[in-house]
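Notes follow once the structure below has been shown.
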Amino acid sequence: MAEVMRPEKLDMSNDTSSLGSPELLHVLAADDSIVDRKFIERLLRVSSCKVTVVDSATRALQYLGLDGNHSFDLKINLIMTDYSMPGMTGYELLKKIKESSAFREIPVVIMSSEKSCLVLIGICLEEGAEDFLLKPVKLADVKRLRDSLLKADEIAFKNIMHKRELQANDIYSQLKRAKI
Amino acid sequence: MQRQVALIKQSLFDQKIIIRTQMEKYMQGYLDEQFVELEELQDDANPNFVEEVATLYFKDSARLISNIEQALERGSFDFNRLDNYMHQFKGSSTSIGASKVKTECTMFREYCRVGNAEGCLRTFKQLKKEHATLRKKLEQYFQASK
């Protein structure tokens, strides 16, 4: 009987290619205010995230390659956008992202300084926004977002590993039964 | 009283605390909690973060003040446009914790909403005053903490 690789010997733990970098979350933030851009960038860096900041929804779409130009292999874990921006609003950006097959899975968070915005919150969440933050954004908000994303990543990772383990066990028992 | 004593004691070892409590007295409502949040984001690797934000704020608000002035000089009040400028002004003032300026922005927007030109002009004058005072105080504050 040929030596069959037992599941435990298979090196499964290193193949994380489908999950992107597990260490640093990459966040894309869009805001037309230069002060707010500086602020959100700092909040995200302090929370150990990789940050890309743009000054408009149009530029955000360009960065993602959704303006028609295909971009390089991009891994974005979270998009944070101001609601009211000139040109395209954060809400319109949210819709475009949710319409795209490549990026619809990325959580989108809307930020707004408008206090009278219950309706706004409602329509954004309905359109698929992950969360709605009142400005000025707090460090605690950013950390909470980061933690829930990391947890989701961890759960997804564990699920994939578990699935692979089951598959490997399955193959092993088939081979054993076939007495190869 | 006990807290005061504890603070003074701590301040013997930590220069930052002295500056903080003095700053609170000096700033007297010009800045709110948000400014403290900004300071907490500063560290040894980024020791000038707050000053950098303040610089950006004053550059940006100078632009907005100039735009608003031009719009007001024209005589015919485009309240939508004015409200738009004020929305931006209020936003960045909120982010830096400039509470008095923020209040004036809110009032200005209310006057825009009801189409009260006189109110707008009056409020804008006050806003510029608060803004200039804040700028001076912050410049002195940053100088003192170097």
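The values are calculated or read from the model by the stated rules, or taken from the named source; none is laboratory data. For clarity, every value in this text was computed on a predicted model and none was experimentally measured. Every residue, glycine among them, receives a Cβ derived from its backbone with ideal geometry; neighbour counts consider all protein chains shown. Please note that ligands, DNA and RNA were not included when accessible areas were found on the heavy atoms of the full protein model with its side chains. Shrake-Rupley method; radii C 1.70, N 1.55, O 1.52, S 1.80 Å.
Counts of other chain beta carbons within 10 angstrom of each beta carbon in peptide A:95-108 average 0. For the residue pairs B:90/B:129; A:95/B:59; B:102/B:129; B:100/B:137; B:59/B:90; A:138/B:100, alpha carbon separations beyond 23 Å are given by A:95/B:59. In this structure residue A:66 has an accessible area near 60 Å², from a 1.4 Å probe over the protein heavy atoms. For residue B:126 and residue A:119, the FRET efficiency from 1/(1 + (r/R0)^6), where r spans their Cβ atoms and R0 equals 25 Å, is about 0.20.
Remark: mean inter-chain Cβ contacts per residue of B:87-93 equal 4, using a 10 Å Cβ-Cβ cutoff to other protein chain atoms. In segment A:28-55, comparing the full protein assembly with the chain on its own, the residues that lose 20 Å² or more of accessible surface at a 1.4 Å probe are A:34, A:35, A:36, A:38, A:39, A:42. Phi angles of segment B:127-138 translate, via the Karplus equation with coefficients 6.51, -1.76, 1.60 and θ = phi - 60°, into HN-Hα couplings of 4, 5, 5, 4, 4, 5, 5, 4, 4, 4, 4, 5 Hz per residue; Gly and Pro are given as x. Sorted largest first by accessible area at a 1.4 angstrom probe radius, with every protein chain in place, the residues B:109, B:81 fall in the order B:81, B:109.
Computed on segment B:93-146, with alpha-carbon pairs under 8 angstrom and 6+ residues apart, the relative contact order is 31 percent.
Once you reduce segment A:38-56 and segment A:109-134 to the center of their Cα atoms, the two points are 20 Å from each other. Annotation: segment B:30-69 has a Kirkwood hydrodynamic radius of 11.4 angstrom, from the mean reciprocal C-alpha pair distance.
Note on B:111-117: average number of Cβ atoms from other chains within 10 Å of each residue's Cβ is 0.
Compute the Cα gyration tensor for segment A:117-162, then decide on rounded, prolate or oblate, letting a ≥ b ≥ c be the square roots of its eigenvalues: rounded whenever a/c is under 1.5, prolate when a/b is larger than b/c in the other cases, and oblate in all that remain. Oblate is the answer for segment A:117-162, as a/c is 1.5 or above yet b/c matches or exceeds a/b. Counting Cα-Cα pairs of segment A:40-112 in 5 Å increments starting at 0 gives whole-percent bin shares of 3, 16, 28, 28, 18, 7, 1.
Relative to the 2.2 N^0.38 Å rule of thumb, segment B:52-143 has a C-alpha radius of gyration ratio of 1.05.
Inter-label distance, residue A:169 to residue A:26: 3.5 nm, where each label sits 7 Å from its Cα along the C-beta direction. Counting only protein heavy atoms and using a 1.4 Å probe, the accessible area of residue A:154 comes to about 90 Å².
Once Rg and the Kirkwood radius are both taken over the C-alpha atoms of segment A:81-180, their ratio Rg/Rh works out to 1.26.
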